[in-house]
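Enquirer: One structure is given below, represented as structure tokens, and several questions about it will come after.
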Amino acid sequence: MVWNANITMSAYCLKVMVAFKKSEMTCIPNAFVDHVNSQLPREEYEEKIKSGEMMGGGIKAWKATLDHIIMALEYDAIRDARKYGEWFVRHFGMDPKDKTNKCNEYVSYEYRKIDRPKCVTNTSSSQKPDPSEVEWCKEIRGYYNVELVMYAEDCVQYGLELLGRFWTQMCD
């Protein structure tokens, strides 16, 4: 059985991608070719950019894409090291668990409804329940910016999709 294959693969691919980005690249994927080098009529080139078939921007855009891929690979590769906070600060400007940042504070409520049997588990919600409907209610304060984490995970997913899209075009 292989545990956490994503961490192992991300750590290896991260090393390769960092070395690849530092290498002297002699070619870039066709999707990044600028209009002058594309040999396409201007209108056709613009249409391919709009549709997402091409990205344009030349070597600068390709290196920015490699940065995005590297950022995405770091996310999984650092899971073992438990350095999420540093990763979030580097890429998003803040740690989602930082207790000094008011943006990360949340309040939730744990309670048991009166109409539920004792064997049913407690309920947790960000909404304070109606006191007439609960047996007891406990306020819980914590620090975890869910919106930031979800946004970061969307960015990571996109970076991994870019890796897949350009996997066969990593040449130098």
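Yes/no matrix, rows are residues, columns are (1) surrounded by fewer than 12 Cβ atoms within 10 Å (Cβ to Cβ); (2) under 27 Å from the mean Cα position of the chain (by Cα); (3) assigned to a helix (DSSP H, G or I):
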| position | (1), (2), (3) |
| --- | --- |
| Asn6 | no, yes, yes |
| Tyr12 | no, yes, yes |
| Glu24 | yes, no, no |
| Ile28 | no, yes, no |
| Val36 | yes, no, yes |
| Leu40 | no, no, no |
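Enquirer: Is the stretch 7-19 home to any residue that is hydrophobic (A, V, I, L, M, F, W, C) and under 16 Å from Lys60 (Cβ atoms)?
Expert: So far as the stretch 7-19 goes, no, none of its residues is hydrophobic (A, V, I, L, M, F, W, C) and under 16 Å from Lys60 (Cβ atoms).
Enquirer: If you don't mind, there's one more thing I want to ask. Given the residues Gly52, Gly85, Gly58, which is the only one that is within 17 Å of Gly159 (Cα to Cα) and without any contact (Cβ under 8 Å) to a residue 40 or more places away in the chain?
Expert: That would be Gly52, the only listed residue that is within 17 Å of Gly159 (Cα to Cα) and without any contact (Cβ under 8 Å) to a residue 40 or more places away in the chain.
Enquirer: I'd like to check which strands (runs of 3 or more DSSP E) are fully inside the stretch 56-172 and have at least 1 residues that are surrounded by 15 or more Cβ atoms within 10 Å (Cβ to Cβ) and not assigned by TED's automatic domain parsing to the domain that holds Glu43.
Expert: 105-113, 134-143
Enquirer: Would you mind telling me which numbered condition in (1) at pLDDT 90 or above; (2) under 30 Å from Leu14 (Cα atoms) Lys83 fails?
Expert: Only one criterion in (1) at pLDDT 90 or above; (2) under 30 Å from Leu14 (Cα atoms) is unmet by Lys83, namely (1).
The values are calculated or read from the model by the stated rules, or taken from the named source; none is laboratory data. Just so we're clear, the structure is a prediction, and the values are computed from it rather than from any experiment. Neighbour counts run over all protein chains shown; Cβ positions are idealised from the backbone, glycine included.
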